[in-house]
Structure formats: structure tokens, C-alpha cells
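To start, the structure itself, in C-alpha cells.
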Amino acid sequence: MTVTINDFDVKEKMQWCPGCGNFGIITALKGALADLKKEPSEVVIVSGIGCSGKSSHYIKTYGFESLHGRTLPVASAIKLANTKLTVIAESGDGDGYGIGIQHFIHVMRRNYDITYLVHNNEIYGLTTGQASPTSLLGMKTKTTPWGVIEIPFNPILTAINGGATYIARGFAGEPAHLKELIKGALSHKGFSLVDIFQPCVTFNKLNTYEWFRERVYKLEDVGHDPTDKKSALEKAEEDSKTDYKKCPIGLFYREEKPTYEDMLPQIKDKPLVDHDLKIDLSKAYEEFM
Ligand code: SF4
């Protein structure tokens with residue numbers, strides 16, 4: 001059967017603000033799934049809380065809208081239960097890099113074979129405009145009326161140092177380029193992060209489409225080698241070191257390492273869902289009754 005981008009459409013009307021960067025992300029994701037000929041029934045999308053949380057509703061795959069910051073533990077549990085599924089987690093910068101940051105660290109070092117898409121709009125959009133972990137220094141928001149005084153969280157640098165094995169950044173204003181990065185992430189075996197510059201047109205009046213267009217450039221256009229970790233680390237800091245005059249997008253780093261699932265003998269040869277569930281618990285009952 002031929003899979004097309006329309007196979008991932010849902011009837012539900014998307015409620016994001018007109019012009020929101022989330023539209024570019026969902027278009028890129030659907031295109032990536034269609035290009036890779038994934039059947040909707042082979043894919044699970046786990047989302048969290050925030051405007052990005054709606055992603056699991058707006059695409060026809062299996063979906064799970066989880067708790068705030070908890071996309072990654074749910075996604076990893078699904079992957080462990082059924083390794084045949086393509087598992088995608090979607091968070092925002094507040095959801096994933098704020099309340100969910102501890103899961104990000106541990107999932108990376110375990111290298112589960114899941115793809116993590118982070119809608120990074122550098123603000124809390126759903127709650128109408130508070131500073132997030134990636135808001136830039138000096139940015140005025142409802143919670144920082146005199147400007148942000150904290151150093152912004154750098155997800156690319158953290159992912160390279162934390163053990164993720166495919167680390168990329170895209171821009172929602174370039175959905176064709178983003179689609180290729182997501183295809184690379186879905187095809188990679190191991191934990192893949194695609195951090196995505198996603199303009200929040202309603203509450204972030206600093207990081208607009210125009211702001212990003214003046215600053216982003218593609219790593220592949222300057223001959224960056226994604227297997228060179230030293231170069232990847234340098235590129236990961238280029239935005240902050242140039243005072244955000246240059247913001248690279250593309251594939252920063254990639255390496256091959258065994259996944260967590262590969263190292264679990266119980267599911268190495270057969271997914272958990274295919275195991276015989278007839279377990280004799282009588283001895284346990286005898287012992288504890
Ligand atoms: Fe998009 Fe911002 Fe509107 Fe949320 S509030 S839907 S992130 S534009």
C-alpha cells in the first residue's frame with residue numbers, strides 16, 4: 001500500500017493561532033512519515049502539556065497526551081513494551097527543558113530508540129507568555145518585566161554531552177529542511193533529538209520568523225561533519241557566543257551506539273508484547289498469603 005501525507009490527516013480542526021510555527025512542524029512530520037512509508041498504525045506520538053501537546057491529536061497515528069514534562073518516560077515505556085513501534089515524543093521548551101529536564105538527561109544516557117521533537121518557542125505559550133528555560137537574556141515577559149537574568153538552557157550542547165546519538169536543530173519556517181532532519185532522526189537507531197525553532201506569533205514578539213530568518217544558516221552549507229564531536233560542540237555554542245547573530249540549523253552530531261532495548265536480554269529477540277503472558281503466580285501467592 002502506498003502511504004501519502006494525507007493518510008496522517010485527522011478531521012479535528014487544529015486550534016493553534018494562525019501563523020504558529022507548530023503548523024510547519026506537523027507538516028514536516030507528516031511528510032517525513034509518508035516519505036519513510038510508515039503506516040499510521042506503526043507509529044505512536046506521545047505529547048506533554050503546552051501548545052505542542054496538541055500534536056498527538058492532530059496527526060493520525062496512535063497518540064498519548066501525557067502529563068506535564070512526562071513525555072519521555074511514557075515514550076520509553078511504550079518502546080520497551082513494543083519495540084516494533086516507531087515512537088515519537090513531542091514537547092515544548094517549557095514542558096521538556098523545564099519540568100521534564102530530568103527525564104531528558106536519563107533517556108539520553110540510556111539511548112532508547114525514540115525520536116524527541118521539541119517545539120522550542122522560547123516562551124510559555126499556552127499560559128500566555130512567561131519566560132521559559134530557553135528565553136534569551138534580557139527578554140521581557142510577564143514573569144520577567146525587567147528582562148530575563150538567567151543564562152538560557154542549551155539543549156544541543158546538553159544532548160551532545162549527555163549521550164544522545166542523533167542531535168539536530170530545525171526551523172519551523174523551513175519545513176522541507178526540517179522534514180529531512182526528522183527523516184534522519186526516525187531512521188536513526190538510538191535516541192534522536194530534533195530541537196526546533198518554533199515562532200510563537202502571539203506571545204513571543206522577539207523571536208519572530210523574521211528574527212530567525214536573519215540568523216539561521218544550514219550546517220551542511222558550511223561543510224560541517226556530523227561525526228566530528230569537537231566541531232559539533234563548537235557549533236552548539238555558536239549562537240550564544242555570537243550574541244545570536246548566527247544560529248546554525250541542521251545535523252550537529254551523530255554516532256552509533258547500542259540502544260537500551262538491545263541490551264535487555266528479555267526483549268532482545270522478541271518484543272515484550274509477543275511474550276507468553278501465562279505466568280504461574282501460585283508460588284508467590286503461597287509465600288505472601
Ligand atoms: Fe502557537 Fe504561541 Fe498560539 Fe501557542 S500561543 S498556538 S505556541 S502562536
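Odds and ends about this structure:
- Listed by first and then second residue, the pairs with beta-carbon distance under 6 Å, at least 6 apart or on different chains, first residue in segment 155-170 and part of a strand (DSSP E or B), second hydrophobic (A, V, I, L, M, F, W, C) and open to solvent by 10 Å² or more (accessible area, probe 1.4 Å), are Ala168/Leu181; Ala168/Leu251; Gly170/Leu181.
- Counted residues, segment 171-181 - those being in a loop (DSSP other than H, G, I, E, B) and open to solvent by less than 10 Å² (accessible area, probe 1.4 Å): 1
- Restricting attention to segment 7-27, the residues that are in contact (Cβ under 8 Å) with a residue 24 or more places away in the chain and away from the ligand (no atom under 13 Å from the Cβ) total 6.
- Among the residues making up segment 243-289, a single one is surrounded by fewer than 10 Cβ atoms within 10 Å (Cβ to Cβ) and at positive phi: Asp243.
- Inclusion of Thr2 among residues that are within 16 Å of the ligand (Cβ to nearest atom), hydroxyl-bearing (Ser, Thr, Tyr) and open to solvent by 40 Å² or more (accessible area, probe 1.4 Å) is not warranted.
- Within segment 228-240, residues that are at pLDDT 95 or above sit with their Cβ atoms under 8 Å from residues that are among the polar types (S, T, N, Q), at 6+ positions apart or across chains, in these pairs: Leu233/Asn161; Ala236/Asn154; Glu237/Asn154; Ser240/Asn154.
- Cβ pairs under 7 Å, 6+ apart, first in segment 114-141 and closer than 16 Å to Arg169 by Cα, second part of a loop (DSSP other than H, G, I, E, B) and open to solvent by 20 Å² or more (accessible area, probe 1.4 Å): Thr134/Pro152; Thr134/Phe153
- Being within 16 Å of the ligand (Cβ to nearest atom), of a type in the set (Lys, Arg) and in contact with a strand residue (DSSP E or B) (Cβ under 9 Å, 6 or more places away or on another chain) is true of Lys142.
- For segment 33-55, a residue qualifies if it is over 21 Å from Ile78 (Cα atoms), within 17 Å of the chain's Cα centre (by Cα) and either away from the ligand (no atom under 11 Å from the Cβ) or hydrophobic (A, V, I, L, M, F, W, C) (or both), and exactly one does: Cys51.
- Enumerated strands (runs of 3 or more DSSP E) restricted to segment 26-141, each holding at least 1 residues that are open to solvent by less than 10 Å² (accessible area, probe 1.4 Å) and farther than 27 Å from Asn204 by Cα: 43-47, 86-92
The values are calculated or read from the model by the stated rules, or taken from the named source; none is laboratory data. Since the structure is predicted, the reported quantities are computational estimates derived from the model, not experimental observations. For neighbour counting, all protein chains shown are included, and Cβ atoms are generated from backbone atoms with ideal geometry for every residue, glycine included. Quick note on the areas: whole protein, heavy atoms, side chains included, nothing else; ligands and nucleic acids left out. Shrake-Rupley method; radii C 1.70, N 1.55, O 1.52, S 1.80 Å.
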